[in-house]
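Visitor: Input: one structure, supplied below.
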Amino acid sequence: MAEQARELATQAARRGGRAGKLRLRQVEIILVIAAQCGLAATLAWGLAHEVAGHPAPVFAPSAAVGTIVAALGQRARRTAELMLGVGLGLLVSDLLLRYVGSEPGRSAWW
């Protein structure tokens, strides 16, 4: 009986060790993703503010973080496609705002 108890305790310690290592690995992955999201949001805001000249670029960081989160577990090609799609969408919307305008009836085209 004592031998069985020792064996069960050894198995529990072994299983607990594996679970602990798995949890630690999950925390490491989450921290890496959080760092990537923070860096992407910062770069997107900086590019939209400094390069594109937007005074308060709210959508740029959201799009950057959304792209990273949507691409989790995907291949690099899918991530690149998603980033390209978001970039083209931003470019088209920026061009429309510049040439069509944001106020109805005050368009540069009419």
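Visitor: For E7, indicate whether it is more than 31 Å from the chain's Cα centre (by Cα) and surrounded by 10 or more Cβ atoms within 10 Å (Cβ to Cβ).
Guide: Details: more than 31 Å from the chain's Cα centre (by Cα): yes; surrounded by 10 or more Cβ atoms within 10 Å (Cβ to Cβ): yes.
Criteria met by E7.
Visitor: Suppose we filter segment 17-55 for residues that are outside any helix (DSSP H, G or I) and either in contact (Cβ under 8 Å) with a residue 24 or more places away in the chain or out of contact with any helix residue (DSSP H, G or I) (no Cβ under 8 Å at 6 or more places or on another chain) (or both); how many remain?
Guide: Within segment 17-55, the subset outside any helix (DSSP H, G or I) is 52-55.
Pick out the ones that are also either in contact (Cβ under 8 Å) with a residue 24 or more places away in the chain or out of contact with any helix residue (DSSP H, G or I) (no Cβ under 8 Å at 6 or more places or on another chain) (or both) and you get 52-53.
So the count comes out to 2.
Visitor: Which of the following residues is within 22 Å of S93 (Cα to Cα), under 12 Å from the mean Cα position of the chain (by Cα) and surrounded by 13 or more Cβ atoms within 10 Å (Cβ to Cβ): A48, A40?
Guide: Sole residue among the options that is within 22 Å of S93 (Cα to Cα), under 12 Å from the mean Cα position of the chain (by Cα) and surrounded by 13 or more Cβ atoms within 10 Å (Cβ to Cβ): A40.
Visitor: Output the number of the condition that M83 fails; it satisfies all remaining conditions of (1) over 24 Å from R98 (Cβ atoms); (2) at pLDDT below 80; (3) in contact with a helix residue (DSSP H, G or I) (Cβ under 7 Å, 6 or more places away or on another chain).
Guide: Exception for M83: condition (1).
Visitor: Within segment 56-95, how many residues turn out to be assigned to a helix (DSSP H, G or I) and of a type in the set (K, R)?
Guide: Pass one, segment 56-95, residues assigned to a helix (DSSP H, G or I): 59-70, 76-95.
Adding the requirement that they be of a type in the set (K, R) leaves 77-78.
Residues meeting the conditions: 2.
Matching residues to (1) open to solvent by less than 80 Å² (accessible area, probe 1.4 Å); (2) under 25 Å from I30 (Cβ atoms); (3) touching a strand residue (DSSP E or B) at 6+ places or on another chain (Cβ under 7 Å):
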| residue | (1), (2), (3) |
| --- | --- |
| P61 | yes, yes, no |
| A70 | yes, yes, no |
| R77 | no, yes, no |
| L88 | no, no, no |
| D94 | yes, no, no |
| G101 | yes, no, no |
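The values are calculated or read from the model by the stated rules, or taken from the named source; none is laboratory data. These numbers were taken from a predicted model, which means no experiment stands behind them. Here the Cβ is made from the backbone with ideal geometry for all residues, glycine too, and neighbour counts use every protein chain on show. Just so you know, the surface numbers come from the protein's heavy atoms only, side chains and all, with ligands and any DNA or RNA stripped out. Shrake-Rupley method; radii C 1.70, N 1.55, O 1.52, S 1.80 Å.
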